[in-house]
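See structure below.
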Amino acid sequence: MARYDAAAAGEAPPATFTDVLAHLASGVAIVSCWDGQAPRGLLVSSITGLSVEPPRFLFCVRKEAGCHDALLRRPALSVSLLAADDKEEALRFASGSRAAERFAPERWRLQLGAPPAFRGGIARAECFVDAVIDTGSHSVFIVEAERFAFSPAAPLVAWNRGLASLGGAESNFN
């Protein structure tokens, strides 16, 4: 029997909804902002492009996340889509126990008046919060991008409760 038929035949092992979500491969990004004089940020794997005109992303943030309230208070933020080489930076922002290691000046531009900006990644955008939607345990942030930068590289993705890089030949839709 083909692998994709196993669930329909009742042969798939029991799973939770978080198990299902863990197997949804997605790009990862660091979202960062200022909280007073302190830079704040978190790793998100829920980011997706929402529209081209106007240029918008959306991402979800757990309300218990340390950065959640700072994002609500500060309309300006940066979004850094991570490259495969940025795995260590992703791990710093995925773990609260490594918060003291974040925002090293050699890896980040930290200028008041502009959101903290990661120097790495495959793409970066300065954004402002356009809307926030309460969805229970999380808030959905819709942000509009104003300034962009792009550095071609292999992306970093979240999959199966870990981080992986994509490699191999690229396929284009056009």
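Check the stretch 83-98 and report whether any residue there is assigned to a loop (DSSP other than H, G, I, E, B) and farther than 23 Å from PRO152 by Cα. Let's see the steps before the verdict.
The initial filter retains those residues of the stretch 83-98 that are assigned to a loop (DSSP other than H, G, I, E, B), namely 95.
Now narrow it down to the ones that are farther than 23 Å from PRO152 by Cα: 95.
Among the residues of the stretch 83-98, at least one is assigned to a loop (DSSP other than H, G, I, E, B) and farther than 23 Å from PRO152 by Cα, which makes the answer yes.
If you check ALA99, ALA29, which single one turns out to be modelled with pLDDT under 95 and hydrophobic (A, V, I, L, M, F, W, C)?
ALA99
Scan ALA131, ALA125, ALA149, ALA145 and give me the residue that is among the small types (Gly, Ala, Ser) and at pLDDT below 95.
Being among the small types (Gly, Ala, Ser) and at pLDDT below 95 holds for just one of ALA131, ALA125, ALA149, ALA145, which is ALA149.
Only one residue in ARG161, ARG74 is of a type in the set (Lys, Arg) and either under 20 Å from GLY49 (Cα atoms) or without any contact (Cβ under 8 Å) to a residue 60 or more places away in the chain (or both). Which one?
Among ARG161, ARG74, only ARG74 is of a type in the set (Lys, Arg) and either under 20 Å from GLY49 (Cα atoms) or without any contact (Cβ under 8 Å) to a residue 60 or more places away in the chain (or both).
Could you list, in sequence order, the residues of the stretch 89-98 that are surrounded by 13 or more Cβ atoms within 10 Å (Cβ to Cβ) and farther than 28 Å from GLU144 by Cβ?
If the condition is that a residue be surrounded by 13 or more Cβ atoms within 10 Å (Cβ to Cβ) and farther than 28 Å from GLU144 by Cβ, then LEU91 is the only one that fits.
Output the number of residues of the stretch 112-125 satisfying the condition of being farther than 19 Å from LEU43 by Cβ and either surrounded by 15 or more Cβ atoms within 10 Å (Cβ to Cβ) or in contact (Cβ under 8 Å) with a residue 40 or more places away in the chain (or both).
Residues that pass the stated criteria total 1.
Sort out which residues of the stretch 41-81 are loosely packed, with under 15 Cβ neighbours inside 10 Å and part of a strand (DSSP E or B), and write them in order of number.
THR48, GLY49, SER51, ARG62
Can you say whether ALA84 is hydrophobic (A, V, I, L, M, F, W, C) and either modelled with pLDDT of 95 or more or open to solvent by less than 80 Å² (accessible area, probe 1.4 Å) (or both), as far as the supplied structure shows?
yes
Is there a residue in the stretch 26-40 that is more than 19 Å from ARG102 (Cβ to Cβ), open to solvent by 40 Å² or more (accessible area, probe 1.4 Å) and out of contact with any Gly (no Cβ under 6 Å at 6 or more places or on another chain)? Give the steps one after another, and end with the answer.
Going residue by residue through the stretch 26-40, those that are more than 19 Å from ARG102 (Cβ to Cβ) are 26-27.
Restricting the remaining residues to those that are open to solvent by 40 Å² or more (accessible area, probe 1.4 Å) gives none.
No, that holds for no residue.
Among the candidates PHE103, PHE128, PHE141, PHE148, single out the residue that is of a type in the set (Phe, Trp, Tyr), surrounded by 15 or more Cβ atoms within 10 Å (Cβ to Cβ) and either on the phi < 0 side of the Ramachandran plot or not in a loop (DSSP other than H, G, I, E, B) (or both).
PHE141
State yes or no: is PHE128 of a type in the set (Phe, Trp, Tyr) and either touching a helix residue (DSSP H, G or I) at 6+ places or on another chain (Cβ under 9 Å) or in contact (Cβ under 8 Å) with a residue 60 or more places away in the chain (or both)?
For PHE128, the condition - of a type in the set (Phe, Trp, Tyr) and either touching a helix residue (DSSP H, G or I) at 6+ places or on another chain (Cβ under 9 Å) or in contact (Cβ under 8 Å) with a residue 60 or more places away in the chain (or both) - is not met.
The values are calculated or read from the model by the stated rules, or taken from the named source; none is laboratory data. Quick caveat, the model's predicted, so the values are computed rather than measured. We place every Cβ from the backbone using ideal geometry, glycine too, and count neighbours over all the protein chains shown. Ligands, DNA and RNA are stripped out before the accessible areas are found, and what is left, the full protein with its side chains, is counted by its heavy atoms. Shrake-Rupley method; radii C 1.70, N 1.55, O 1.52, S 1.80 Å.
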